[in-house]
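Contents: one structure, followed by commentary.
The values are calculated or read from the model by the stated rules, or taken from the named source; none is laboratory data. What you see is a predicted model, and the numbers here were worked out from it, not measured in a lab. The accessibility values were calculated without ligands, DNA or RNA, using every heavy atom of the protein model including side chains. Shrake-Rupley method; radii C 1.70, N 1.55, O 1.52, S 1.80 Å.
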Amino acid sequence: MNKFLIVFLFAALFTACHESLEEKAAREAKEFTRRNCPMPVSEYIVNDSMTFDKNTRTIHYYYTIKGAADTTAINNSNARAELLKGVKDATSIRAYKENGFNFAYTYYSQKNKGKVLLDVRITPKDYK
């Protein structure tokens with residue numbers, strides 16, 4: 001019985017060590033969403049979820065904008081610049097940046113369900 005347990009634990013440890021970066025990104029996105037979302041970011045922004053698309057190697061964040069900020073008058077170039085700065089400065093995603101992952105941010109209107117107020121894609125050529 002003890003030999004079986006030791007072999008099982010060794011196999012589990014060996015398998016966990018071989019998780020690809022893509023598998024890790026998918027797992028972390030699911031865990032983040034399950035544990036934290038919806039999560040208020042500010043008075044006007046809620047992080048609804050995070051996903052990972054293996055085909056495009058994109059980590060995608062989804063938000064809802066509410067209240068006074070829920071308007072189509074969002075300055076896209078300023079918002080993109082701020083998101084790009086966030087990606088460049090973030091140390092928690094270093095492994096993903098070093099491996100050429102993409103990052104996407106989609107902001108939806110709360111008052112106009114389904115309306116995209118801002119959709120930004122950041123690629124390695126942007127942040128390197």
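Listing for the model above:
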item	result
Of (i) 50, 34, 27; (ii) 68, 39, 30; (iii) 65, 32, 24, the label for Cα extents along the principal axes in Å derived from the coordinates	(iii)
The chain, helix-only ellipticity at 222 nm - DSSP H runs n ≥ 4, -39,500 (n - 2.57), divided by all residues, nearest 500	-12500 deg cm²/dmol
Accessible area of the chain belonging to carbon and sulfur atoms, whole % at 1.4 Å probe	56
Karplus-derived HN-Hα couplings along segment 117-126 (A = 6.51, B = -1.76, C = 1.60, θ = phi - 60°), whole Hz, x at Gly and Pro	8, 7, 9, 10, 10, 10, 10, x, 5, 6
Under 18 Å from the Cα of Lys115 - aspartates and glutamates, other chains or at least 8 residues apart	Asp48, Asp70
Cross-link pairs Lys24/Lys113; Lys30/Lys113; Lys54/Lys111; Lys30/Lys66 - those with Cα-Cα distance over 28 Å	Lys24/Lys113; Lys54/Lys111
Under 16 Å from Lys125, Cα to Cα: lysines that are on another chain or at least 8 residues apart	Lys85, Lys88, Lys97
